[in-house]
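Below: the structure, in C-alpha cells.
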Amino acid sequence: MEAVAEAKSVYLTAFEQLGNTGPSWLRSLHERGIHAFEARGFPGPREEAWRKTNLRPVTSAEFPVADSQGVAPKALVERLGDLGDSYHLVFVDGRLAADLSDLSDLAKGLTVTPLSQYEDSAPERLQSALGNRVDIDWHPFAALNTAFFADGAYIHVARGAMIEKPIAVTHVITAEANGRAVYPRLVVEAEEGAEVRVVERFIGDDEASTLVCPVSELSAGDNTILDYSRLQEDGAAVMNIGTVNLVAKRNTSLRGAFVADGGRLGRVDLVADLEGEGGEIDCNGIYLTEDRQFVDFHTWFNHREGNCFSRQRFKGILQDRSETSFDGLVKVFEGAQKTDAVQENRNLILGKRALAHSNPRLEIFADDVKCTHGSTVGELDEQALFYLRTRGISAEGAKGMLTLAFAGEIVDMFKVDGVRSHVRGVLMRRLGVEDADIGEIL
Amino acid sequence: MALLEIRNLHVNVEGTEILKGLDLTMDTGEVHAIMGPNGGGKSTLAKALVGDEAYEITEGEVLYNGKDLLEMDPEVRAREGVFLGFQYPVEIPGVSNTYFLKAAVNAMRKHKGEPEIDAMEFLQMVRERARRVKLDETLLQRPVNQGFSGGEKKRNEIFHMSVLEPKLGILDETDSGLDIDALRIVSEGVNAMRDGERSFMVITHYQRLLQHIVPDVVHVLVDGRIVKTGGKELAEELEEKGYEGFDEAAA
C-alpha cells in the first residue's frame, strides 16, 4: 500500500510542478484527471480486470512527462509513408510535429486540428466530447492521460460529409522520451450521415523505455460509417497502456481494426457502446508477440439498445516466451432485445514456452438475443505441416503458410487498402516469410 | 538403374514394428501395385517413403535414383520427384488450393535451378489439369481440401500429382471413396501420365482400381513383408481368393 501511495504523490507532485496552464476549460479537465488518479491509484494485483497485467515495471518507477524537442529520427520518419495516401498528423513524444504533418486540401466537412491550437474559443462540441466517454474514475491510465496530455488530435466530420482519404494520426516515440511518459489523445466525432476512416498508429525507437498512455475517443452519430484502425507498432521497450472508446448511435456502422506488434507491455481497454437501435460495431484484431512481450486486450461491448449487432474477432500469434491475455465481455442490457453478438478469440502458439490466456464472457439481461463466443488456444497442425512439405514446401515455408492463413481472415477485414497491405507486410516480416508465393496466400 | 530400391526396410510406429524387412525394386516407367490385407503395412510403406517422422526407420535402406532417400527431408523428396497421394488428405483452412500449388511448383523449379513459373502459364496449366480429372473449378479457389467430399479430396490429390509431375507417384488407397465414374476419371488421369519415364506405386486393398490402371507388377504385402510378387493376373487371383492363404504364409 505504501508503494501505491508513494506512486500517487509522485504524479501529483509532477502535476503541481508542471503548472496547469492553457485555456480554462482544458485546465479543469486536467484537474479532473489528476483528482481521479489520486482517488483511484494504480490497480492492485488482486483486481480482477488487472490480474493478468503485470504493472510492476510501471508502478515501481517514476515517469515524468516527456519534454523532448519533437524531432523524429530519419528511420522513423521514413516509416510515416507506409500507409499510402492520407491526410496525416504526426506527434513526436506527445507534441505536434507540424513539419511532418500534412493537412492540406482537407475535404469539405472535415476538420482536423491539434488540440494545442485551441484557446478559450474551442468549439463547444469539442469541449463536451473531450473526456466525455472515457471512465477516468475506473481507468487510472486514462486518468493520467487526462491530467497530463499536452496535445492531441481532434477530428470532426460534419453532417453528411463523405471523406474519401483516410486520416492517419501517428504517434512517434523517440529515444529522447526514454524513462518518461507520453500521453497521446485522439477525439473523433462523425456527425449524422458522415463517412470517415481514421488510422491511429504508434511507432517508436527501440531504445525508448517509455510509458505511453493513449486515450482515443470515437463517436459515430446516426447513420454514419466510421472505420478506425489502430496499429500499435511500438519500439521494443515501450509500455503502452491505453483505452479506446467507441460509441455507435442509431443505424451506425463502426469498424475497428487492431494490430498489436512490438512493445514490452501492451494493453488496450476497448469499450464499445451501442447506443442506438440498428447500430453495428465490428472489431477485428491481431496481436503478434515475441521474446518476453506481454499483450493484453480487454474488450467491453455494451449493447444498450435493441437490434444491434456486434462482432469481435481477435487472433493472437505467440512466439518465444511471450504471453498474451484476451478478456472480452459482451453485456446485453435489459431491453436490448434482438441483440446479435459474436465474440471470438483464437490463439496460435508458436513458441514452446509462450502462454495465452483467454477469457470470453457474456452478461445477458434480455431474453430474445443471439450471443455466441468461442475461444481456442492451439499449435500449428502437424499433419498439415507434413502435408505441405510432401508437396515440396520447406518446413519454414509451411509454418509461414499456415500462420499467414490463420491471420489472413483478420487481415482481409481491414478495410483501408494501405492498412491492409501494411499489416500483411508486418506479418511477413515478423514470420520471416520472404517467399513471394507464400505471401500471395494472404 | 532401378528407380527405387528398398532393402530390408524395418519401420516402427509408436514402438510397434510394422514393416519387418521389406524388399522391393521398381524400374523407371513401371506401375507396381501393392496389395494386402488391412494392417499389413501398406500405408506405413507409403508414409515412410515420403518421410513422415511418426514412422521410425530402424533398419534398411531406400535408394531413389541411386540416392539415399531416407537422408532427405520430406520437401526434398518431393522436389526430387516423389509424390504421395494421401489416403486421408488433410484440410488446410485459409490456404487456397491454387496459390498453394503455385508455391509448390515454384519450390520444385527452384530446386532444379529453373525460373519461377509465369502466372498465366500456371493458370492455364492448372485449369487444363483440373479438367483432366473433372475437378470442379470452384475447388481451385477454395482452401485446400476444406469442405471437399471424400471423392473430391481424392481427385484433388490426383490433380496435385498431375500439376507437380513427379517421377514416382505413390497412391495410397486412392480408390476408396470413389464411385465407378470417379474411379474411371481418376484412373484416366493417372494413365495420361504414364509415359515410360514415370513410375507409380498403387496401394490398394481391392482389385477394382487395377482394372483401370493396369499394373506391370503386383506385390502382396502381409505382416510387414512382401510375400509374393507377380504380374497383373496376381491381382485377379487375390480378388478371387482373398488374403487368407498369405496370412498363413506370413505367419
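The values are calculated or read from the model by the stated rules, or taken from the named source; none is laboratory data. All values derive from a computational prediction rather than experimental measurement. Ideal geometry is used to build each Cβ from the backbone, glycine not excepted, and the neighbour counts take in all protein chains shown. Just so you know, the surface numbers come from the protein's heavy atoms only, side chains and all, with ligands and any DNA or RNA stripped out. Shrake-Rupley method; radii C 1.70, N 1.55, O 1.52, S 1.80 Å.
Averaged over peptide B:137-149, the number of partner chain Cβ atoms lying within 10 Å of each residue's Cβ comes to 1. Estimated from helical segments only, the mean residue ellipticity of chain A at 222 nm is -7000 deg cm²/dmol, where each DSSP H run of four or more residues counts as -39500 (n - 2.57). Inter-label distance, A:Asp135 to A:Lys338: 2.8 nm, where each label sits 7 Å from its Cα along the C-beta direction. Averaged over its residues, the protein assembly as shown has an accessible area of 40 Å² per residue, based on protein heavy atoms and a 1.4 Å probe. From most to least packed by mean Cβ count within 10 Å, the peptides B:176-186, A:180-190, B:35-45 give A:180-190, B:35-45, B:176-186. Heavy-atom accessible area buried between chains A and B is around 2100 Å² (1.4 Å probe, both sides summed). Scalar couplings 3J(HN,Hα) for the stretch A:197-208, obtained by applying the Karplus form with A = 6.51, B = -1.76, C = 1.60 to θ = phi - 60°, are 10, 10, 10, 10, 9, 10, 10, x, 6, 5, 7, 8 Hz; x denotes Gly and Pro.
Each DSSP beta bridge with both residues in the protein assembly as shown is either parallel or antiparallel, and the antiparallel ones are about 20%. Ordering A:424-430, A:228-234, A:143-149 by mean Cβ neighbour count within 10 Å, with the highest value first, yields A:143-149, A:228-234, A:424-430.
Ranked from largest to smallest solvent-accessible area, with a 1.4 Å probe on the protein heavy atoms, A:Cys371, A:Cys213 come out as A:Cys371, A:Cys213. Rolling a 1.4 Å probe over the protein heavy atoms of chain A, with every protein chain left in place, gives an accessible area that is 45 percent carbon and sulfur. Mean silhouette area of chain A, derived from the convex hull of its C-alpha atoms and averaged over all directions, reads 20.7 nm². Across peptide B:41-51, the mean count of Cβ atoms from other chains lying within 10 Å of each residue's own Cβ comes to 1. Here is the size of chain B from its Cα atoms: Rg then Dmax, 17.8, 56 Å.
Of the candidates A:Arg389, A:Arg420, A:Arg95, which one comes out as most mobile in a Gaussian network treatment of chain A with C-alpha springs shorter than 10 Å? With Cα springs under 10 Å in chain A, the top fluctuation among A:Arg389, A:Arg420, A:Arg95 is at A:Arg389.
Within straight-line reach of A:Lys108, meaning a Cα separation under 20 Å, sit the following lysines at least 8 residues removed in sequence or on another chain: A:Lys165.
3J(HN,Hα) couplings calculated from phi for the stretch B:77-94 with the Karplus curve 6.51 cos²θ - 1.76 cosθ + 1.60 (θ = phi - 60°) are, in sequence order, 4, 4, 5, 7, x, 9, 10, 10, x, 5, 5, 10, x, 7, 8, 10, x, x Hz; Gly and Pro show x. Under a 5 Å amide H cut-off, with hydrogens placed 1.01 Å from N, A:Gly204 pairs with A:Ile173, A:Gly235 among residues at least 5 apart or on other chains. Among the residues of A:407-417, the average count of other protein chain beta-carbon atoms within 10 Å of the residue beta-carbon is 1. Across the stretch A:427-432, coupling constants 3J(HN,Hα) worked out from phi with the 6.51/-1.76/1.60 Karplus curve, θ = phi - 60°, read 4, 4, 5, 4, 8, x Hz, and Gly and Pro carry x. Size check on the stretch A:381-441: the Cα extents along the three principal axes, sorted descending, read 37, 19, 16 Å.
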